[in-house]
Amino acid sequence: MEEIKIFCPATIANISCGFDVLGVALDSVGDEMVIRKVPRKGIYITKLVGQDLPLETERNVAGVAALALMAESDYEGGFEIEIYKKIKAGSGIGSSAASSAGAVWGINQLLMKPFPTSKLVEFAMEGERLASGVAHADNVAPALFGGFTLVRSYEPLDIIPINSPSKLYATVIHPQIEVKTSDSRKILKTNITLKDGIKQWGNVGGLVAGLFTEDYDLIGRSLIDHIVEPIRSILIPGFDDVKSKSLEAGALGCGISGSGPSIFAFSKGEDIAQKVALAMSNIYKNIEIDYDVHVSKFNTKGIKILK
Ligand code: HSE
């Protein structure tokens, strides 16, 4: 195989209680990339459509992730990368992760899969380091593994794939304001109280148990963030109303997607997820902020080959 065209899913990181450790891949939102072998050694970003992002390899998240892989490969040739962005940068649904994960996954396929998926996560994390200053894995892991994932440990990296309940749907609204992950990390406190820690890890355990046992009520009870959401939500106009109206419309839970400004809700069944989309949209219509809204199942496969 000389060339590959792939779909790279958008992802929701944190999932309320799991800051930097929980994430999930979406089914119907994502970027496309074309990666091809070239004789000249190196990584060349030859096309970037849909967003104004750097083409220089060292300044591009896909470029640095690919370079991290190449540093551990003895392949003598190089790769051209074309990126067709559908996920807006700074939207909170894993734009940099889709490009970083797509680059390393596609190259690994063209090289006949020398690296396991867990190693690809490590390479893709270098893209996240460039984007946000921190090599977090909670977007790239679900993009590469598919479905829900838990980063049980960063050192050493230990990614645990988690079941995706069949009737679970996500609604994601993206108010058209940009919140840089690097900025929304700077405002976080570096210490938490033991009391908040106890509440938070109770919910992480509850959410993971609820996902495995497909206990939708338990999933709903666990979608609470005592640590990050109270601080970051002030950056998102309308957040409290979106959350309360989503819950009124029947959502199991609602929170900030990644570092925002996108807001996600989980619902049991597509009908409720659509009602939640309407309730969320009405808030931004009233406060006159443009938005995109998506209802999506979860993508259990991760990155997919398109041709
Ligand atoms: N865990 C990261 C953060 C995700 O919240 O900063 C960024 O998408």
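Numbers at a glance
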quantity	calculated
P(r) of segment 102-257 over all Cα-Cα pairs, binned every 10 Å from zero, in whole percent	9, 30, 40, 18, 3
Descending Cα extents along the principal axes, the chain, whole Å	57, 40, 36
Label-point gap, in nm, between Ile234 and Leu278 - each point 7 angstrom along Cα→Cβ	3.5
Low-density loop positions, trypsin sites (Lys or Arg not before Pro), segment 195-296 - DSSP coil, at most 13 other Cβ in 10 Å	none
Gaussian network model of the chain, springs between alpha carbon atoms under 10 Å - residue of Pro175, Pro156, Pro237 with greatest fluctuation	Pro156
Rounded tilt (10° steps) of 61-71 against the dominant C-alpha axis of the chain	50
Modelled label reach - Asp290, point 7 Å along Cα→Cβ, segment 28-57 residues with backbone N closer than 18 Å	50-53
For segment 168-296, Kirkwood radius (reciprocal of mean inverse C-alpha pair distance, Å)	15.1
Sequence ranges 9-17, 88-96, ranked by mean other-Cβ count within 10 angstrom, highest first	9-17, 88-96
About the Cα centre, charge dipole magnitude for segment 16-147 (Lys/Arg +1, Asp/Glu -1 at Cβ), debye	280
Segment 44-97: radius of gyration and largest Cα-Cα distance (Dmax), Å	12.0, 37
Rounded to 10°, Cα long-axis angle of helix 270-286 versus longest principal axis of the chain	80
Dipole of segment 3-162 [Lys/Arg +1, Asp/Glu -1 at C-beta], most positive-end residue of Ala103, Phe145, Ala131	Ala103
Unit charges at the beta carbon, dipole of the chain: most positive-side option, Asn60, Ser244, Ile234	Ser244
Over segment 221-271: Rg over Rh, Cα atoms, Kirkwood Rh	0.95
FRET efficiency for Ile177 and Val38, using Cβ-Cβ distance with R0 set to 41 Å, rounded to 0.05	0.60
Rounded to 10°, Cα long-axis angle of helix 95-110 versus longest principal axis of the chain	40
Check: the chain dipole with +1 on Lys, Arg Cβ and -1 on Asp, Glu Cβ, in debye	160
Listed residues Gly260, Gly147, Gly77, most fluctuating in the chain (Gaussian network, C-alpha, under 10 Å)	Gly77
Net length gained if the chain between Ser28 and Lys304 were fully extended (0.36 nm per residue, minus Cα distance)	98.2 nm
In nm, spacing of pseudo-spin labels at Val49 and Lys189 (7 Å Cα→C-beta vector)	4.8
Volume of the Cα convex hull of segment 3-162, divided per residue and given in Å³	100
Out-of-range pairs (alpha-carbon distance over 20 Å; input Lys41/Lys88; Lys85/Lys180; Lys47/Lys85; Lys113/Lys301; Lys119/Lys304; Lys86/Lys167)	Lys41/Lys88; Lys86/Lys167
Low-density loop cleavage sites - GluC sites (Glu not before Pro) in segment 208-307, where at most 13 other Cβ are within 10 Å (DSSP)	Glu288
The chain - percent relative contact order, Cα under 8 Å, separation 6 or more	25
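Bear in mind that the values in this text are calculations on the coordinates, not laboratory data. Nothing here was measured: the structure is a model prediction, and the numbers come from that model. For neighbour counting, all protein chains shown are included, and Cβ atoms are generated from backbone atoms with ideal geometry for every residue, glycine included.
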